[in-house]
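In what follows, a structure is listed as structure tokens, so that the remarks can point back to it.
Just so you know, all these numbers are worked out from the coordinates, no wet-lab data involved. These figures come from a predicted structure and were not determined experimentally. Positions of Cβ are generated from backbone atoms using ideal geometry, with glycine treated the same way; all protein chains shown enter the neighbour counts.
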Amino acid sequence: MGFRLTACRRVLLGGAALSVLALGGCETASGIRPPGRGIAEIADTDPKAASANIESLSEVIRRNPTSAEAYNTRGVAYARVGSFQEAIADFTQATKIDPNNAAAYTNRALASRQAGQNEAARADFDRAVQANPNHAPAYVGRANLLRAQGNLDQALSDLDTAIRLNPENAQAFHARGLIYQKRGDNAHAVTDFDNAIDRDPFAAAPYQARGESFVALGKYDKAIEDFNAALNVDNKNSLAWAWLGLAYDKSGNRAKAVDIYQRALQLDPQQQIAKQGLRGG
């Protein structure tokens, strides 16, 4: 149960799950947020099924009114359908019942970010870490917020901690790769994206991000493979199409690049990489 990760990954928080990766988006070197598995994307959910699920969880709460886990789980269900204020209320109740519930603080922080309440989110990430210094998802979530705010040094420190606590956390590797990429250290970025893909090979974002780093490193064939992998997950991703066109362009296949740029613009007429590519650079 939880947000459907797009270009980024799934993290279990206590007994319930929220997407943590790239809070505020899966930022890449281009500064554009690619679609795919990410905190900002809500899962496609049948409204009737979602309503029935929430009602079922409400019945659990009626039978167990002092269960922090019950409120935390219903909060995730609310967040999944975009009802962030209801989610925040449930996470708040969970923390009232259990003031040391790091998962509930982290979930509330993630929901607060979706509601545009970044200061409240930061405070809750801090509370989660205080409640449980070994709660890796809180470090990943806080790092994504810090990265979005331009605080790369502290974000990197948080991600180093998250990876130390949970070396199998694909989200943490992906997020750290984005920081290296933003700093122009594409070699280290590729290594982290490799690790993210090894741990979650069915998410689009690490392939796209690694492809961008391969372009920067002049490894266009590898970049093309990665953008195709990202498009296999989401073939309506105009940014991935645009980068694929750019990789072909840089490799010397201008005719194919033009066709792909046009495909990107069909999906998004304002796609800047594709528009610039068609103009010839």
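In order along the range 183-192, the Karplus-derived 3J(HN,Hα) couplings, from 6.51 cos²θ - 1.76 cosθ + 1.60 at θ = phi - 60°, round to 7, x, 8, 6, 5, 5, 4, 4, 4, 5 Hz, and Gly and Pro are given as x. The 3J(HN,Hα) values that the Karplus relation (6.51, -1.76, 1.60; θ = phi - 60°) gives for the range 231-241 are, in residue order, 6, 5, 7, 9, 7, 9, 7, 4, 5, 5, 4 Hz. Gly and Pro appear as x.
With the highest mean first, a sort of the peptides 93-100, 233-240, 52-59 on other beta-carbon atoms found within 10 angstrom per residue produces 233-240, 93-100, 52-59. Shape analysis of the range 208-281 places it in the oblate category; the axes a ≥ b ≥ c from the Cα gyration tensor give an a/c of at least 1.5, with a/b not above b/c.
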